[in-house]
Each structure stands twice: as structure tokens, then as C-alpha cells.
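A short write-up of the structure that comes next.
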Amino acid sequence: MCGIVGYIGKANAASVLIGGLKRLEYRGYDSAGLALLDGDVIHISKAPGKVANLNAKARAEWDAGMIERAGTGIAHTRWATHGPPTEANAHPHLDESGHIALVHNGIIENYRSIRARLESKGHHFRSETDTEVLAHLIGDCDKGDLLQAVRDALHQVEGTFGIAVISSREPGIIITARRGSPIVIGVGHGETIIASDASAILAHTQRVIYLDDNDIAVVTADAVDVRDLNNFPVTREIAELGLDTAATEKGGYEHFMLKEIHEQPESLANAIRGRLDHQLGSSVLSGMGTSPRDLAEILRVVMVGCGTSLHAAMVGEYALGDIADIPAEVRQAADFRYRNPILGNHDLVVAISQSGETADTLAAVREARQKGAFVMSLVNVVGSTIARETGRGVYLHAGPEISVASTKAFTSQVSVLLMMALKLGRGRRFSREEGLRLALEIEAIPELVRSVIKQDKLISEIAARYVDNEHAFYIGRGPMYPVALEGALKLKEISYIHAEGYHAAELKHGPIALLQKGTLVVAVACEGPAKDKTLGNVEECRARGARILGVITEGDHEAEEVMDDFIAIPRAHPLVATIPATVALQLFSYHVARLRGCEIDQPRNLAKSVTVE
Ligand code: M6R
């Protein structure tokens, strides 16, 4: 969603800030803005649309000497919540006096009452945003000490924030704070960079400080002083990012999404490496922080997540049921906390999230902890809020996922869930021999995926035949049902084709009414106990004139015969096969969207991590 960058140091702040905003573009946004502090004057430039527009506009309207000189500034990419994506609504926002500039991620829930109060004191607002209200509130609290003013203002607001504030009256500092929206501070040599996401920092330094909720920091070029909202100093260690900039660049691919699809043999190998125990026929997931005795005491697993991560959880539900013989449930994270879930200390709650910042998933984690459940996470972004708050879990090691449409995170999530099921299963009724067989299957996943990626050209040719379809139905049964949901999500996100995923058995209960000559039905019908029934559903669709694209198992001539087109994946355990089957559908969506000329990496209206409810 929105992105924040702040810089104070000896370099050219405008270049650092624009570079940082560009690295945050993947998060999804619709306008951008920048404030530079030159001596004791704040200059602001804002523009709807892309960061490139902002850069051109700022350079056209500002004096080149000022741009060269300014060593302090804050910048923002906005994903509209309060008011449309106009120049007036873009951040930074100024306070009433024009001395203070603020960028903000999150939502100030009580902004209306604060705005009314300030208006009655004579404040004039130029935007529809909640952020401008916070800027005015800070200005209203400012009695000559910016830190105190920010603290006083934050005590009055309800909601979530990640902020960076500068003042022309105190030019040597940036104040930053967070509650519910991430802030990470890069500690360089004679320079400090603030960002909402480490990818804006890693070109400058690997050394970072993650703020926790209700931390407020005074940042100078040489120091970071972190306090709580009551002004007590708090210690936040410096961590190493361990990422290189190449991981966040396209590396010759046309889109990040294509790069990330192609990276999967490697990202999966990273997720699996060192985590299989071929002696015991089990897995080693030390981050779970559980002894065999702890595991034996778990009576139920509840998985929470949103979007693609929710679909991974659904595959996990099948895996835990079939392999671990343990009752498993999946809950949409947003729903979870509002349903007063019944949880206790025999429940393992697993929060699944690529970003580790999704607001609903984080709220579910907090609710589960409150109820005394054993909580852990499967997260990709190291140091993210969910990873830190759960304290135990398994990192996906998929590397930075820049494309808004999630691909490699999903396959890593599923592979880790399979290993988790294996571990839990071995503590129950799964025998060593069964465990050894499954461990070998899991180890082969990167190869299975490689063989799907080799079919990229063929899949692109198939995609060309469906590029004009405006509707698509994805069907599957058993663990291929969530694969169908994920395939449909991917297609709609990036190609804007109306796509729906159904359990294949559900077709006859309603959706079949929509089938007519030429409607696209994508059937995920790989070998497994449910395959024949899925093929039966395919016949029903064909009888109504639908065109069928199958994802099937290599050499399955029976399945080939009922499909108009098919993508074949290698033979594998039905749970393991969910991974190559998903990769086939990722490539199909990608090529359809490419051929339709869509903006693949940053689809309209979408944000990479959804940090508001
Ligand atoms: O970072 P998370 O995994 O928690 O994100 C959850 C969803 O927002 C995310 O998977 C979303 O559905 C993606 N756009 C899917 O491609």
C-alpha cells in the first residue's frame, strides 16, 4: 500500500528519496510526493500517478541548486483511502503554519472529530485526507519541541500510523513513529534512511532498526534515539538485512512476476534445504520451537491468512488432515478476530503471510495469543511485524517478492506446510517408511517445477488462444480445489478477466448456469483420488459448449482426450502436485495478461501488502 521514505545525511536527498520511492513502487500506489528541507524552508512537490511524474514535476518546478543542496527530506507513495488520488490529497501534508510536513501510512480513525475541533480553532484544510488532520494536530501541539508535539498528537489519535515528520524550525532531525504500520530505519555512515519497507534502504545500508508499535524515534544523520510514547528510552538492536539489491531488480525479465515464477526452482530449494530428515523420515523446522512432546499435545491446527496465503492454508488443511491425522481448520484472517474464536493451549494457530504485515493476519495473531493458543507464523519477509510478534515460526526464504501478484511465496508456503504436516504426522500415525517416501517427494519439488517452467513457450501459445475470453471458471477437487481458487485469483488480478474458482462438485449447484459456447473452464485434474470425478465434471462442461484447459498429469491420455488444451505436469504425490499445478496456472495467467497488454507487476487498485483493515 502506501510507502514512506525519509533521508537525512550528506547525500542529495532528492535522489535518495526518488530512488527509494521507485523501489517501493511494487507495493501499489496512485500518487506520490516529496518534501525537501533546504535550510529552514520546506519545499513540497506532489503529483498523481507514477513516481516518474513526480520526479519530472519536482525538477521542473524547483531550483536545481536547491535540489543539489538539500540533505533532508521525506517522501511518499499514496494508495488512496480518504479522497481520490489527486495532487491535493497526495502526501506530504503541511500543518496550518506550513512549518511541519508529514507523510503517513495507515488510517487515523478519529480524524473527523479532530478536524472539526481544529476547524473551530481556525485551521483550514486543503485535502480530504486523515493525514492532513494529523499534520495540523502536530502543528497545534508544537510549542517549540517537535518530538514533544508528535508525541502529544499521537496520544490523541486512534487508528494506525507509520509516520515521518520534518519541521523547518528543527532542521537537523526527522521524527518517525509507528503503530500498526511498519517503519524500518537504515543506519548508514553519516546518513540515516527511514522507510516503510527495507527494499527502499538496501541500496544504502544493510544495518537496520525495526521500530515496534508505539515507538517514536528522533533520527539525525548520525544517531537514532528510540523512545516510547511516554518518552522512556527503549533499546532496539541493529539487525542485518542480508538482502542484496539484485534480488529486487528484474534481472533481464520483462516483468518481476515472470522473474519470480522462474525463480521458483531456486526459491523452493531454499525453502526445503536442510529441513528434511531422511533418517527419521521427518522434517526439521527448528523455528517452530516445539519439542516432540509439545507437538503431541497439539489437538488442532488453525491456519489464518488472506488472499493467496489463505489458499496456501487451504492446501495445508488437506495436508494436515491426510498426513498428520490432525484436525485442521482455515480461517480468513479478517473474520477470525471478530468471531471470538474458541481457542486454548492445545491449539496451534499458524499465521501465513508473505509480507508479514497484513493487518488482518496480524490482528488474528494478536487475538490468538490473547486466547492462549500456541501461535507461530510462516512468513517470507524477515523482521516483519508478524514474524517478530509471533516470535516462532518458519521463514519461507523465497527472497523479495516484488510483483503484487504473489507467486513464489505461495509455492514456498505450501512446501513448508507439507513439511510441517510431515513433522506433525511422524509424531502421530505416519510411519517412518511413509515419512521417507514423502520426504523424497518434497525434495523433488524444485525439479517438478523446473519441468513446468520449461513449458513456458507452450503455455504462452495456449494463453494466446484464450486471451479474448472475458470469463473463466476454475475447478478442482481435494487439494486441487485451492489450486483452482489460486489460479482464478491470479488470472483476475493481473488480466482483469472475470475468473472464479469452484470446487468441481459445486458447478452443478449453480455456476453451470453461466456456461455457454466458448466459456473457458480451467480444470485442475491431476492424478489423485478425485481425478475421475473431476473429469466427469469436465464432460458436463463440454456438453454445454465450454472450452476446457486442463492441468493434468504427464501421460494421462484419458484426461488429454477430454481437454481442448492441456498443460502436463510430472507425476507426483497429489499434495505435492499442487505446487507444479499452481506454477502452470501462474504462467498461464501471466501470458494472458501480457498478451492483453496489462500492467502486470502493479495491477490497478491492488497493493502488495494490505496494511489497513
Ligand atoms: O502478505 P500476505 O501474504 O499476508 O498477503 C495476503 C494477500 O494480500 C495477498 O496474497 C494477495 O491476495 C495477493 N495480491 C495475491 O496475489
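The values are calculated or read from the model by the stated rules, or taken from the named source; none is laboratory data. Please read these numbers as outputs of a predicted model, since none were measured by experiment. In this analysis, Cβ positions are derived from the backbone assuming ideal geometry, glycine residues included, and neighbour counts consider all displayed protein chains. Note: areas computed on protein heavy atoms with side chains; ligands, DNA, RNA excluded. Shrake-Rupley method; radii C 1.70, N 1.55, O 1.52, S 1.80 Å.
Observations on the model:
- Selection over segment 304-356 of residues that are aromatic (F, W, Y) and open to solvent by less than 10 Å² (accessible area, probe 1.4 Å) gives a count of 1.
- Filter result (more than 20 Å from A135 (Cα to Cα) and touching a helix residue (DSSP H, G or I) at 6+ places or on another chain (Cβ under 8 Å)) within segment 40-51: K50, V51
- Of the candidates S406, S384, the single residue that is near the ligand (Cβ under 9 Å from one of its atoms), at pLDDT below 95 and either open to solvent by 40 Å² or more (accessible area, probe 1.4 Å) or in the same structural domain as L268 (by TED's automatic domain parsing) (or both) is S384.
- Looking at segment 1-118, the helices (runs of 4 or more DSSP H) lying wholly inside it that each contain 3 or more residues that are modelled with pLDDT of 95 or more and open to solvent by 10 Å² or more (accessible area, probe 1.4 Å) sit at 13-24, 51-61.
- Any hit, segment 136-147, residues being more than 25 Å from D38 (Cα to Cα) and touching a residue at least 24 places away in the same chain (Cβ under 8 Å): no
- Subset of segment 366-376 that is within 16 Å of the ligand (Cβ to nearest atom) and under 19 Å from M420 (Cα atoms) - its residue that is surrounded by the most Cβ atoms within 10 Å (Cβ to Cβ): V375
- Residues (crowded, with 18+ Cβ neighbours inside 10 Å and either touching a residue at least 60 places away in the same chain (Cβ under 8 Å) or of a type in the set (D, E, K, R) (or both)) located in segment 493-513: E493, I494, S495, I497
- Filtered residue count, segment 409-440, keeping only those that are hydroxyl-bearing (S, T, Y) and surrounded by fewer than 21 Cβ atoms within 10 Å (Cβ to Cβ): 1
- Which listed residue, of G528, G555, is open to solvent by 10 Å² or more (accessible area, probe 1.4 Å) and modelled with pLDDT under 95: G528
- Residues of segment 558-613 classified as within 30 Å of P85 (Cα to Cα), within 20 Å of the chain's Cα centre (by Cα) and either more than 16 Å from the ligand (Cβ to nearest atom) or hydrophobic (A, V, I, L, M, F, W, C) (or both), total: 5
- Complete set of residues in segment 190-226 that are closer than 17 Å to I174 by Cα, without any contact (Cβ under 8 Å) to a residue 60 or more places away in the chain and crowded, with 17+ Cβ neighbours inside 10 Å: I209, L211, D215, A217, V224, V226
- Within segment 334-349, the presence of a residue that is touching a Pro at 6+ places or on another chain (Cβ under 8 Å) and more than 27 Å from P265 (Cβ to Cβ) is excluded.
- Filtering segment 452-476 to residues that are crowded, with 24+ Cβ neighbours inside 10 Å and under 19 Å from N537 (Cβ atoms) leaves A472, F473, Y474, I475, G476.
- Qualifying residue in segment 367-389 (condition: basic (K, R), touching a residue at least 40 places away in the same chain (Cβ under 8 Å) and closer than 20 Å to D212 by Cβ): yes
- Segment 287-297, subset outside any helix (DSSP H, G or I) and surrounded by fewer than 19 Cβ atoms within 10 Å (Cβ to Cβ), residue modelled with the highest pLDDT: S291
Per-residue answers, yes or no, for (1) in the same structural domain as G344 (by TED's automatic domain parsing); (2) of a type outside the set (A, V, I, L, M); (3) more than 16 Å from the ligand (Cβ to nearest atom):
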{"position": "L280", "(1), (2), (3)": "yes, no, yes"}
{"position": "S283", "(1), (2), (3)": "yes, yes, yes"}
{"position": "S286", "(1), (2), (3)": "yes, yes, yes"}
{"position": "T290", "(1), (2), (3)": "yes, yes, yes"}
{"position": "E297", "(1), (2), (3)": "yes, yes, yes"}
{"position": "V304", "(1), (2), (3)": "yes, no, no"}
{"position": "S309", "(1), (2), (3)": "yes, yes, no"}
{"position": "E317", "(1), (2), (3)": "yes, yes, yes"}
